[in-house]
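Here the structure comes first, spelled out in structure tokens, and everything after it is commentary.
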Amino acid sequence: MMELKKELILQIQTIIATAKDKAIRSVDTERVLMYWQIGKVIFEEEQEGKDRADYGKYLIKSISEAFQPRLGTGFSIRQLEMNRQFYKSFPIANALRSQFSWTHYKTLISIDNQDKKDFYIAETEKNNWKAIQLEREVNSQNYSAEVQELINGFSANYKKSVK
């Protein structure tokens, strides 16, 4: 009786696992782009509206009512508002990072301070943080301590160079 080599089975399992991971990343990348494009359309349409605040609420509510029954919670009022905020926070599509998932972006969108947002983008890229790690770091308020540490280091180096 013939027997398959364990290495062959492991090799095929690795191929399957890698393909699944790539497929998931690809789907998430397309979802990020879809949300960005929806946010862009909403934002641009709002800019055309006469009374922007009221029109914006009407617009998002109407879009949600048109799509949510058929397509689900991805088109809730809250989600559509997040899409608009996503576009406003990241207005250049080519600047979107393919290694960031929608969950990364949801966390980044919640940061109001642009310097703080830029800090966490850089840290996430440098440290290859998963979305849960990014969320943990943002919630831990490490930004203030990290920035103070950088300022102190800069000040100390500056004082040395002036002497």
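The values are calculated or read from the model by the stated rules, or taken from the named source; none is laboratory data. Just so we're clear, the structure is a prediction, and the values are computed from it rather than from any experiment. FYI the Cβ positions are ideal-geometry reconstructions off the backbone, even for glycines, and counts take in every protein chain you see.
Some points to look at:
- Some residue of the range 26-45 being modelled with pLDDT under 95, in contact with a Phe, Trp or Tyr (Cβ under 8 Å, 6 or more places away or on another chain) and outside any helix (DSSP H, G or I): no
- Residue in the range 102-110 that is out of contact with any strand residue (DSSP E or B) (no Cβ under 9 Å at 6 or more places or on another chain) and over 30 Å from Ser144 (Cα atoms) present: no
- Test result for Ala93, of a type in the set (A, V, I, L, M), more than 23 Å from Ser110 (Cα to Cα) and surrounded by 11 or more Cβ atoms within 10 Å (Cβ to Cβ): no
- In the range 2-25, residue farthest from the chain's Cα centre (by Cα) [restricted to those that are of a type in the set (D, E, K, R) and assigned to a helix (DSSP H, G or I)]: Lys6
- Any hit, the range 129-152, residues being outside any helix (DSSP H, G or I), outside the structural domain of Met34 (by TED's automatic domain parsing), of a type outside the set (D, E, K, R) and at pLDDT 95 or above: yes
- Every condition in (1) among the polar types (S, T, N, Q); (2) exposed (fewer than 12 other Cβ atoms within 10 Å of the Cβ); (3) part of a helix (DSSP H, G or I) holds for Thr103 except the one numbered (2).
- One residue alone among Phe86, Phe100, Phe67, Phe90 is modelled with pLDDT of 90 or more and touching a Leu at 6+ places or on another chain (Cβ under 7 Å), and that residue is Phe90.
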